[in-house]
Every structure is written in structure tokens, then in C-alpha cells.
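So the structure is just underneath, and the comments pick up after that.
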Amino acid sequence: MNEKPLPFDPLDPAAAERRAAARKRLDAIDPAKNPGAGPDDPYRRDWFEAVYALAQGDPAQVPWGNMAAHPLLLDWLAQHPRLDGIAALDIGCGLGDNAAALAGQGARVTGFDLVSRAADWARGRFENMGVHFCVADLFDPPPEWNEAFDFVHETYTLQALPPQLLDGAQKSIAGFVKPGGRLLVIARARDESPALEGPPWPLTRENIESLAAHGLALQTLEELPPAATPHRHWRALLCKNRP
């Protein structure tokens, strides 16, 4: 990343103003919010690239750039044994905070993002954490990642995809998990009702449970009311059965 990252305090009114302005600007170019306004881009790849290019080093202008790990991930890690020595994958690493939280629990972490600027930004922030930040596409991942990870973490990637892409994304995510390995999914929740306009597209219970179609068994599914976050969430742990 060539830009010098700016300081960021989520409680700073000026940062909140920059974030609101960025959201407005990004919504105006988001193909999911403006169908037909530009080239067909169902995967929103160009849009995600634009998010980081337009931010120019300011995390306030990255809608998910809170410069802290997700509180529901931190809460889960605090309640479970450490991840010492295991191979972990953080999907859609963004600015790197969730990957760093996994590394802080002893895991050997790979964090990937579709956008090279995001991976570079994360690498610069956590260069002493031993996390391998890299660029990869969820829908075309490196073949060596197939069943390569003991622990896979996904927060907010599935809900950023339109419903027609959900099954393919779930299949890819499940494919990363070793037999006997685990997958932790955190997402906004919604009831079984007509699909909401997105993005994001909060997930239904059926969306979470459908991960079992890809060789995973649901171990726990928590429905968490607004508290640490302003929205209702799912937090699900799944395991891949050994052959």
C-alpha cells in the first residue's frame, strides 16, 4: 500500500462523518444497489477494488474497517480452548483484525482477500504477528487449500454475496476444512421471509443449516440479539466428519 494509513477512532465524530460520506459514495457505484448502471458484476469484484482504492489509507472510508476484531469472534475465542499450532484460514480478511485475533490464540493463520490493497494493508498492520496475508478469490481458490485447514473463520463474506451465489460460496468455504476440522460462521440474521434488498443480505437459519449439504455437520447455532453489535446475528460452528 502506498498511502500512509490514517489514525482511526470509531467514536470520533469526524471519522463517523467520513464513513457516512464514503458509504454514500460507494452505494452510488455498487452494482448490487444500482442494477443496470454499469458492467455486469454479480461478484462485486470491481466494487470491492474501488472501496480500497477510494479509501486512500483512511479506514473510516472502508465500511467494515473498524480496526478491531469482530466482538462475536473475540467472545467465541474467549470461551473456547486456544488454537495453538493449528492451521487456520480467515476468509475475506479485510484490514486483518480477525486474522490477527486467531493468531493471538496460537494458530498459524492464512488470511486472504480478493483485493490486493486490503491484503497489503493488513500485512503492514500486523507484520509481527506471523500471519500470511495473501490475495485469493473465494470462487477460484488455490488448489492446495483443499481440505488444508483445521479451523476456518468466515465473518460477513457470505452476507455480502447475492443469494444466487450463496451455494457456490458455501461449497468453496466447506472445501477448505480438513476432515475433523471446524468452520466458524458469523453473520447478520433474518427470519425466513422474502429476501431483503441488499447488500448486505442477512442470512436465514436455513442458509446456515444448508452448509451441511457440503459435508459439514452443524455443532452449535446461536441466535444472538443486538448487544455488542447493533444487529441480530447467527454464530455457527460446524465440523467436517472424518471419512
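Among residues that are surrounded by 15 or more Cβ atoms within 10 Å (Cβ to Cβ), closer than 16 Å to HIS233 by Cα and at pLDDT 95 or above, GLN170 is not included.
Please verify whether region 194-202 includes one or more residues that are surrounded by 11 or more Cβ atoms within 10 Å (Cβ to Cβ) and in contact with a strand residue (DSSP E or B) (Cβ under 7 Å, 6 or more places away or on another chain). Yes, there is a match, as at least one residue in region 194-202 is surrounded by 11 or more Cβ atoms within 10 Å (Cβ to Cβ) and in contact with a strand residue (DSSP E or B) (Cβ under 7 Å, 6 or more places away or on another chain).
Conditions (1) under 23 Å from PRO226 (Cα atoms); (2) of a type in the set (A, V, I, L, M, F, W, C); (3) surrounded by 13 or more Cβ atoms within 10 Å (Cβ to Cβ); (4) modelled with pLDDT of 95 or more, marked per residue:
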site: ILE29; (1), (2), (3), (4): no, yes, yes, no
site: TYR43; (1), (2), (3), (4): no, no, yes, no
site: GLU49; (1), (2), (3), (4): no, no, yes, yes
site: TYR52; (1), (2), (3), (4): no, no, yes, yes
site: ALA69; (1), (2), (3), (4): yes, yes, yes, yes
site: LEU73; (1), (2), (3), (4): yes, yes, yes, yes
site: ALA78; (1), (2), (3), (4): yes, yes, no, yes
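Within region 109-135, the set of residues being surrounded by fewer than 18 Cβ atoms within 10 Å (Cβ to Cβ) and not in a helix (DSSP H, G or I) comprises GLU127, ASN128, GLY130, HIS132, CYS134, VAL135.
Yes/no matrix, rows are residues, columns are (1) closer than 24 Å to GLY175 by Cα; (2) assigned to a loop (DSSP other than H, G, I, E, B):
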{"position": "ASN66", "(1), (2)": "no, yes"}
{"position": "ASN98", "(1), (2)": "yes, no"}
{"position": "ALA101", "(1), (2)": "yes, no"}
{"position": "GLY106", "(1), (2)": "yes, yes"}
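Output the residue which, of all residues in region 204-243 that are in a helix (DSSP H, G or I) and in contact (Cβ under 8 Å) with a residue 40 or more places away in the chain, is farthest from the chain's Cα centre (by Cα). Residue satisfying both the conditions and the ranking: ALA213. Residues that are of a type in the set (Lys, Arg) and part of a strand (DSSP E or B) were ranked within region 163-196; the one that is nearest to ALA212 (Cα to Cα) is ARG182.
When LEU83 is tested against (1) in a loop (DSSP other than H, G, I, E, B); (2) over 27 Å from ALA28 (Cβ atoms); (3) of a type outside the set (Asp, Glu); (4) touching an Asp or Glu at 6+ places or on another chain (Cβ under 6 Å), exactly one condition is not met: (4).
The values are calculated or read from the model by the stated rules, or taken from the named source; none is laboratory data. Not measured: the values here are computed from a predicted model. Ideal geometry is used to build each Cβ from the backbone, glycine not excepted, and the neighbour counts take in all protein chains shown.
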